[in-house]
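What follows draws every value from the coordinates through simple rules; no lab data is involved. Computed from a predicted structure; not experimentally measured. With ideal geometry, Cβ positions are generated from the backbone for all residues, glycine too; neighbour counts draw on all protein chains shown.
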Amino acid sequence: MSRYQRSSVELPKPDRQWLQAPVLTGVAIALIALASGGTEFVFGLLMLAVILGGVGTFYLLFPGSRFFSISLANFLAVYACIYVFVLETNFVEASKLAGRTGFVLPIFAFIAGALLRRRLIRDIIAAQPSLAADDVAKGLLWLLPLAVIGLFSFAVPMLAWGGEEESLGLLISMGAVALIVFLLSPRVSVFLLLAGLMFERFFDRVVGLVVPAFAFLTFYSMLVILFACVYRIVDLYVPGAHFNFNGTPYQIDFSDGLYFSIVTLSTLGYGDIAPASDLVRALTAIEIVGGVLLLLFGFSEIMRYAHDREGPAGDRPAED
């Protein structure tokens, strides 16, 4: 980290855009809390409070880029999801107190490490590391010891520990994670900043592709509706059973036709509604082939539009 020298560049003042990250992350964490059981209301509130407070604190301390705070918010949401998965899989007998304490330990440790090395992290943000392969590789190295700890946690169920042993094992594991992120907080910050830069580039490209993507989606939707109408007309006016529902002859309505057309065009094929006549089988074959060709040509045209929009490498505007 020594190559980051103290910068004389002043970071911009915080603005209201930083709220986007905590709000989006709050929605994600609320969904994670509900999906993980819904009964742990206190734990859900704890996750929301700690993560939203952490993101807000970091933006106020390091307001160099709103994408830095968005990256931190997304990372904490992913961390919450992984933590709940590991907790429910490997530490079933751990106490609620141990589960809540284990969750907040790494976050508080990272905040403490960042506060202790605040000047260095501000210099890193001001320096704006590039997306070169070396920077990305170094930014990912701190994840290796965390992955090792996570893999070892899967041995806990095989040990047949009781509640007290699992609670202690959980606290020791998360304490080790907390120590790592505390010691490597500047490197974690580099990782978050690089992730934010990647998100920024991805966001800019996605915004530029809205028009061709909407055109493709419109044509795709028209094809879905066209075949849905054909299926419905065949089932209404051509004698015989043309569809089965879970193996039983079934007459579809228009909403069923739309559903069956979407499933067919995407080549997903759930199998709940299935063709029962040669005529409908032929129509579904045509729709499947048309759907595959549409995806191939559609993505090709979107990529060509993106290439033409960016222009040749030599004509692209220089990055700041």
(Q) Using alpha carbons only, how many angstrom separate the centre of the stretch 136-193 from the centre of the stretch 228-267? (A) 52
Q: Report relative contact order for the stretch 210-307 in percent, whole number only (criteria: Cα-Cα under 8 Å, sequence separation at least 6).
A: 28
Q | Fewest-first sequence of Tyr59, Tyr220, Tyr237 by Cβ atoms within 10 Å of each Cβ | A | Tyr237, Tyr220, Tyr59
Q: At 0.36 nm per residue, minus the direct Cα-Cα distance, what do Cys229 and Ala213 gain on full extension? Give it in nm, one decimal, please.
A: 3.3 nm
Q) For Leu45 and Leu61 in one chain, what is 0.36 nm times their gap in residues minus the Cα-Cα distance, to one decimal in nm? A) 3.4 nm
Q) If eta is 0.890 mPa s and T is 25 °C, what Stokes-Einstein diffusion coefficient results for the stretch 210-307, Kirkwood Rh from Cα pairs, in µm²/s? A) 173
